[in-house]
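See structure below.
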Amino acid sequence: MTLQLKSGDTVALIACSDPISQDRRVQINELIGHLQQWGLQVVEASTLIDAHTAQEKANELNRLFADSQIKAIFDISGGDLANGILPYLNYAQIRTAQTTFFGMSDLTVVLNAIVQQSQIQTYHYQIMNIIKEHGAEQRQQFYRTFFEGGSDLYQFDFDFIQGENLNGDVIGGNIRCFLKLVGTPYFPDVSGKVILLESWSGRAARIISMLDQLHQIGVFATCSGILLGTFTEIEQHHEWHQIQQYLLQLTAQHPIPIVKSKGIGHNSDSKCIIIS
(Lines give C-alpha, C1' and ligand atoms only; values in the text may rest on other atoms or scores of the structure.)
Protein backbone atom coordinates (compact mmCIF):
# COMPACT_ATOMS: atom_id res chain seq x y z
CA MET A 1 0.00 0.00 0.00
CA THR A 2 1.51 3.32 -1.08
CA LEU A 3 0.82 6.52 0.80
CA GLN A 4 -2.02 8.73 -0.42
CA LEU A 5 -2.58 12.01 1.42
CA LYS A 6 -5.37 14.58 1.28
CA SER A 7 -6.18 17.85 2.97
CA GLY A 8 -7.28 17.22 6.56
CA ASP A 9 -5.01 14.20 7.11
CA THR A 10 -2.71 14.07 10.11
CA VAL A 11 1.03 13.40 9.92
CA ALA A 12 3.66 13.27 12.67
CA LEU A 13 7.28 14.33 13.13
CA ILE A 14 9.70 12.34 15.26
CA ALA A 15 13.45 11.99 15.89
CA CYS A 16 14.60 8.44 16.66
CA SER A 17 18.34 8.95 16.14
CA ASP A 18 20.57 11.69 17.58
CA PRO A 19 18.95 14.50 19.60
CA ILE A 20 17.60 17.54 17.76
CA SER A 21 18.40 20.76 19.56
CA GLN A 22 16.18 23.78 20.08
CA ASP A 23 18.41 25.58 17.56
CA ARG A 24 16.56 23.75 14.77
CA ARG A 25 13.14 25.04 15.80
CA VAL A 26 13.12 27.62 12.99
CA GLN A 27 13.67 24.91 10.36
CA ILE A 28 11.08 22.63 11.96
CA ASN A 29 8.53 25.42 11.98
CA GLU A 30 9.25 26.11 8.32
CA LEU A 31 8.69 22.43 7.52
CA ILE A 32 5.43 22.40 9.49
CA GLY A 33 4.30 25.54 7.67
CA HIS A 34 4.64 23.87 4.28
CA LEU A 35 2.83 20.75 5.46
CA GLN A 36 0.01 22.87 6.84
CA GLN A 37 -0.27 24.76 3.55
CA TRP A 38 -1.24 21.41 2.01
CA GLY A 39 -4.01 21.12 4.60
CA LEU A 40 -2.20 18.58 6.77
CA GLN A 41 -2.51 18.50 10.54
CA VAL A 42 0.96 18.08 12.08
CA VAL A 43 1.66 16.29 15.36
CA GLU A 44 5.05 16.60 17.04
CA ALA A 45 6.37 13.62 18.99
CA SER A 46 7.08 14.44 22.61
CA THR A 47 10.63 13.23 21.94
CA LEU A 48 11.20 15.42 18.87
CA ILE A 49 13.44 17.95 20.61
CA ASP A 50 16.40 17.34 22.98
CA ALA A 51 17.82 14.06 24.28
CA HIS A 52 15.69 11.08 25.29
CA THR A 53 16.39 7.45 26.10
CA ALA A 54 16.02 4.76 23.47
CA GLN A 55 12.98 3.35 25.26
CA GLU A 56 11.34 6.77 25.48
CA LYS A 57 11.82 7.31 21.74
CA ALA A 58 10.52 3.83 20.95
CA ASN A 59 7.49 4.27 23.20
CA GLU A 60 6.65 7.51 21.41
CA LEU A 61 7.02 5.88 17.99
CA ASN A 62 4.77 3.04 19.14
CA ARG A 63 2.21 5.60 20.31
CA LEU A 64 2.21 7.34 16.93
CA PHE A 65 1.76 4.04 15.08
CA ALA A 66 -1.14 3.19 17.40
CA ASP A 67 -2.94 6.45 16.59
CA SER A 68 -5.34 5.62 13.75
CA GLN A 69 -5.60 9.30 12.81
CA ILE A 70 -1.94 9.51 11.79
CA LYS A 71 -1.35 8.64 8.13
CA ALA A 72 2.43 9.11 7.98
CA ILE A 73 5.35 9.49 10.37
CA PHE A 74 8.37 11.49 9.22
CA ASP A 75 11.65 11.06 11.09
CA ILE A 76 13.79 14.17 10.65
CA SER A 77 16.87 12.97 12.54
CA GLY A 78 20.11 11.22 11.69
CA GLY A 79 23.38 10.27 13.32
CA ASP A 80 24.12 7.11 15.29
CA LEU A 81 21.51 6.22 17.91
CA ALA A 82 18.50 4.88 16.02
CA ASN A 83 19.32 1.18 16.46
CA GLY A 84 18.88 1.56 20.23
CA ILE A 85 15.09 1.72 19.81
CA LEU A 86 14.73 -1.56 17.88
CA PRO A 87 14.16 -3.95 20.82
CA TYR A 88 11.37 -1.74 22.19
CA LEU A 89 9.25 -1.40 19.06
CA ASN A 90 5.84 -3.11 18.88
CA TYR A 91 6.25 -4.78 15.49
CA ALA A 92 2.90 -6.59 15.66
CA GLN A 93 1.13 -3.27 16.15
CA ILE A 94 3.18 -1.64 13.39
CA ARG A 95 2.17 -4.48 11.05
CA THR A 96 -1.54 -3.74 11.45
CA ALA A 97 -1.28 0.05 11.51
CA GLN A 98 -2.27 1.91 8.36
CA THR A 99 0.69 4.23 8.81
CA THR A 100 3.74 4.86 6.63
CA PHE A 101 7.19 5.62 8.05
CA PHE A 102 9.76 7.88 6.40
CA GLY A 103 13.41 8.35 7.24
CA MET A 104 16.93 7.89 5.92
CA SER A 105 20.60 7.86 6.90
CA ASP A 106 20.75 6.34 10.42
CA LEU A 107 17.03 5.59 10.12
CA THR A 108 18.08 2.85 7.68
CA VAL A 109 18.11 0.57 10.73
CA VAL A 110 14.46 1.33 11.53
CA LEU A 111 13.29 1.15 7.91
CA ASN A 112 14.78 -2.31 7.44
CA ALA A 113 13.86 -3.62 10.89
CA ILE A 114 10.20 -2.74 10.26
CA VAL A 115 10.33 -4.47 6.86
CA GLN A 116 11.89 -7.58 8.43
CA GLN A 117 9.77 -7.77 11.58
CA SER A 118 6.46 -6.27 10.45
CA GLN A 119 6.42 -7.20 6.75
CA ILE A 120 5.29 -3.75 5.64
CA GLN A 121 7.04 -1.28 3.39
CA THR A 122 8.85 1.85 4.55
CA TYR A 123 10.10 4.96 2.76
CA HIS A 124 13.75 6.00 2.35
CA TYR A 125 13.31 9.77 2.19
CA GLN A 126 14.12 12.86 4.28
CA ILE A 127 11.11 15.18 4.53
CA MET A 128 13.43 18.09 5.46
CA ASN A 129 14.40 18.16 1.77
CA ILE A 130 11.27 20.19 1.08
CA ILE A 131 12.83 23.21 2.86
CA LYS A 132 16.41 22.81 1.65
CA GLU A 133 18.25 24.10 -1.42
CA HIS A 134 15.98 22.31 -3.89
CA GLY A 135 12.91 22.76 -1.72
CA ALA A 136 10.58 24.21 -4.34
CA GLU A 137 11.18 21.30 -6.71
CA GLN A 138 10.97 18.77 -3.87
CA ARG A 139 7.64 20.21 -2.70
CA GLN A 140 6.21 19.93 -6.20
CA GLN A 141 7.36 16.33 -6.52
CA PHE A 142 6.15 15.42 -3.04
CA TYR A 143 2.70 16.89 -3.66
CA ARG A 144 2.31 15.28 -7.08
CA THR A 145 3.40 11.91 -5.67
CA PHE A 146 1.54 11.70 -2.37
CA PHE A 147 -1.48 13.92 -3.02
CA GLU A 148 -2.13 13.43 -6.73
CA GLY A 149 -1.01 9.81 -7.12
CA GLY A 150 1.90 10.57 -9.43
CA SER A 151 5.36 9.03 -9.39
CA ASP A 152 7.55 12.15 -9.56
CA LEU A 153 9.40 11.50 -6.29
CA TYR A 154 10.15 7.91 -7.29
CA GLN A 155 11.68 8.73 -10.67
CA PHE A 156 15.45 9.11 -10.96
CA ASP A 157 18.14 8.63 -13.58
CA PHE A 158 20.71 5.87 -13.32
CA ASP A 159 23.51 4.24 -15.31
CA PHE A 160 24.36 0.56 -15.51
CA ILE A 161 27.81 -0.38 -14.24
CA GLN A 162 27.16 -4.07 -14.79
CA GLY A 163 24.30 -5.94 -16.44
CA GLU A 164 21.37 -4.63 -18.42
CA ASN A 165 18.26 -5.18 -16.30
CA LEU A 166 17.54 -4.57 -12.60
CA ASN A 167 14.24 -5.55 -10.98
CA GLY A 168 12.99 -6.44 -7.52
CA ASP A 169 11.98 -5.09 -4.15
CA VAL A 170 14.56 -2.84 -2.51
CA ILE A 171 16.15 -3.11 0.92
CA GLY A 172 19.14 -1.34 2.44
CA GLY A 173 20.00 2.34 2.56
CA ASN A 174 22.98 3.93 4.25
CA ILE A 175 25.73 1.30 4.04
CA ARG A 176 27.22 1.94 7.50
CA CYS A 177 23.85 1.89 9.21
CA PHE A 178 22.62 -1.13 7.26
CA LEU A 179 25.62 -3.06 8.56
CA LYS A 180 24.63 -2.26 12.16
CA LEU A 181 21.82 -4.80 11.67
CA VAL A 182 24.12 -7.71 10.81
CA GLY A 183 23.88 -10.47 13.42
CA THR A 184 20.62 -9.13 14.84
CA PRO A 185 17.03 -10.33 14.28
CA TYR A 186 16.43 -7.11 12.36
CA PHE A 187 18.70 -7.78 9.39
CA PRO A 188 16.40 -8.39 6.41
CA ASP A 189 16.36 -11.36 4.09
CA VAL A 190 18.41 -10.24 1.09
CA SER A 191 17.50 -13.14 -1.19
CA GLY A 192 16.20 -11.89 -4.51
CA LYS A 193 16.24 -8.26 -3.34
CA VAL A 194 17.90 -5.19 -4.80
CA ILE A 195 20.36 -3.77 -2.25
CA LEU A 196 20.38 0.03 -1.98
CA LEU A 197 23.71 1.40 -0.75
CA GLU A 198 24.59 5.06 -0.21
CA SER A 199 26.66 7.10 2.23
CA TRP A 200 27.35 10.65 3.31
CA SER A 201 30.68 10.06 5.08
CA GLY A 202 33.56 7.66 4.52
CA ARG A 203 36.53 7.74 2.17
CA ALA A 204 37.46 4.86 -0.14
CA ALA A 205 39.17 2.62 2.42
CA ARG A 206 36.23 2.72 4.80
CA ILE A 207 33.60 2.03 2.14
CA ILE A 208 35.71 -0.79 0.67
CA SER A 209 35.86 -2.40 4.11
CA MET A 210 32.05 -2.24 4.33
CA LEU A 211 31.67 -3.77 0.87
CA ASP A 212 33.99 -6.54 2.04
CA GLN A 213 31.74 -7.22 5.01
CA LEU A 214 28.62 -7.38 2.83
CA HIS A 215 30.46 -9.77 0.51
CA GLN A 216 31.67 -11.94 3.41
CA ILE A 217 28.16 -12.42 4.84
CA GLY A 218 26.91 -13.51 1.43
CA VAL A 219 24.79 -10.52 0.45
CA PHE A 220 26.17 -10.21 -3.07
CA ALA A 221 25.72 -13.94 -3.70
CA THR A 222 21.98 -13.93 -3.00
CA CYS A 223 20.67 -10.45 -3.86
CA SER A 224 19.26 -9.73 -7.31
CA GLY A 225 21.29 -6.57 -7.84
CA ILE A 226 22.78 -3.43 -6.36
CA LEU A 227 21.47 0.14 -6.54
CA LEU A 228 24.26 2.58 -5.67
CA GLY A 229 23.21 6.05 -4.59
CA THR A 230 25.51 8.95 -3.84
CA PHE A 231 28.62 8.47 -1.71
CA THR A 232 29.11 12.11 -0.85
CA GLU A 233 32.60 12.18 0.69
CA ILE A 234 34.04 9.72 -1.81
CA GLU A 235 32.70 11.70 -4.73
CA GLN A 236 33.98 14.96 -3.26
CA HIS A 237 37.48 13.42 -3.17
CA HIS A 238 37.16 11.88 -6.65
CA GLU A 239 37.56 8.32 -5.36
CA TRP A 240 34.47 6.79 -6.92
CA HIS A 241 36.44 4.85 -9.56
CA GLN A 242 38.13 2.86 -6.76
CA ILE A 243 34.76 1.82 -5.32
CA GLN A 244 33.32 0.88 -8.68
CA GLN A 245 36.32 -1.24 -9.66
CA TYR A 246 36.40 -2.97 -6.29
CA LEU A 247 32.72 -3.82 -6.42
CA LEU A 248 33.17 -5.30 -9.89
CA GLN A 249 35.94 -7.49 -8.49
CA LEU A 250 33.77 -8.65 -5.57
CA THR A 251 30.95 -9.64 -7.92
CA ALA A 252 33.11 -11.13 -10.68
CA GLN A 253 32.03 -14.71 -9.90
CA HIS A 254 28.39 -13.68 -9.56
CA PRO A 255 27.97 -10.69 -11.94
CA ILE A 256 24.70 -9.28 -10.67
CA PRO A 257 23.28 -6.07 -12.17
CA ILE A 258 24.72 -2.90 -10.65
CA VAL A 259 23.41 0.62 -11.28
CA LYS A 260 24.60 4.02 -10.08
CA SER A 261 22.34 7.00 -9.50
CA LYS A 262 22.88 10.58 -8.33
CA GLY A 263 19.20 10.72 -7.44
CA ILE A 264 19.35 8.72 -4.20
CA GLY A 265 21.27 9.67 -1.06
CA HIS A 266 22.06 12.66 1.11
CA ASN A 267 21.72 15.36 -1.55
CA SER A 268 18.90 17.84 -0.97
CA ASP A 269 17.36 16.91 -4.33
CA SER A 270 17.33 13.16 -3.61
CA LYS A 271 14.29 11.09 -4.46
CA CYS A 272 12.28 8.54 -2.47
CA ILE A 273 12.80 4.76 -2.52
CA ILE A 274 10.27 2.30 -1.10
CA ILE A 275 11.97 -0.28 1.14
CA SER A 276 10.21 -3.64 1.07
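Just for the Cα atoms in the chain, what are the lengths along the principal axes, largest first, rounded to whole Å?
52, 38, 35
Taking loop as defined by DSSP and a crowding limit of 12 other beta carbons within 10 Å, which GluC sites (Glu not before Pro) in segment 106-158 fit?
133, 148
Quick one: angle between helix 240-250 and the longest Cα principal axis of the chain, in degrees between 0 and 90, rounded to 10, please.
70
Rg and Dmax of segment 175-276, using alpha carbons, in Å: what are they?
13.0, 37
Mind pulling the angle between the C-alpha long axis of helix 135-146 and the longest principal axis of the chain? Nearest 10 degrees, somewhere in 0 to 90.
Helix 135-146 sits at roughly 80 degrees to that axis.
Run the helix sum for the chain: -39,500 (n - 2.57) per DSSP H stretch of 4+ residues, divided by residue count, reported at 222 nm to the nearest 500 deg cm²/dmol.
Computed ellipticity for the chain at 222 nm equals -9500 deg cm²/dmol.
What full-extension length gain, to one decimal in nm, is calculated for residue 157 and residue 56 as 0.36 nm per residue of separation minus the Cα-Cα distance?
Gain in length upon complete extension: 32.4 nm.
In debye, nearest 20: dipole of the chain around its Cα centre with unit charges on the Cβ of K, R (+) and D, E (-)?
I would put it at about 320 debye.
For residue 98 and residue 2 in one chain, what is 0.36 nm times their gap in residues minus the Cα-Cα distance, to one decimal in nm?
Gain on extension, residue 98 to residue 2, equals 33.5 nm.
Given a Förster distance of 22 angstrom, what is the FRET efficiency for residue 88 paired with residue 182, based on the Cβ-Cβ distance and rounded to 0.05?
Approximately 0.65, to the nearest 0.05.
Using r as the Cβ-Cβ distance of residue 269 and residue 246, and R0 as 41 Å, what FRET efficiency do you calculate, to the nearest 0.05?
0.90
So how tilted is helix 25-37 from the main axis of the chain? Cα-based, degrees 0 to 90, rounded to 10.
Helix 25-37 sits at roughly 80 degrees to that axis.
Under a plain spin-label model, where a point goes 7 Å from the Cα along Cα-to-Cβ, how far apart in nm are residue 169 and residue 24?
3.0
Extension gain residue 238-residue 253, at 0.36 nm per residue separation less the Cα-Cα distance, in nm?
Separation in residues times 0.36 nm, less the Cα-Cα distance, equals 2.7 nm.
Using a ≥ b ≥ c from the Cα gyration tensor of segment 28-78 (square roots of the eigenvalues), is it rounded, prolate or oblate, where a/c under 1.5 gives rounded and otherwise the larger of a/b and b/c decides, a/b for prolate?
oblate
Can you pull the percent of segment 74-193's accessible area that's carbon plus sulfur, 1.4 Å probe, other chains left in place?
Using a 1.4 Å probe with all protein chains present, segment 74-193 comes out at 43 percent carbon and sulfur.
The values are calculated or read from the model by the stated rules, or taken from the named source; none is laboratory data. Values in this document were obtained by computation on a predicted structure and should not be read as measured data. Glycine also receives a Cβ, built like all others from the backbone with ideal geometry; neighbour counts cover every protein chain displayed. Just so you know, the surface numbers come from the protein's heavy atoms only, side chains and all, with ligands and any DNA or RNA stripped out. Shrake-Rupley method; radii C 1.70, N 1.55, O 1.52, S 1.80 Å.
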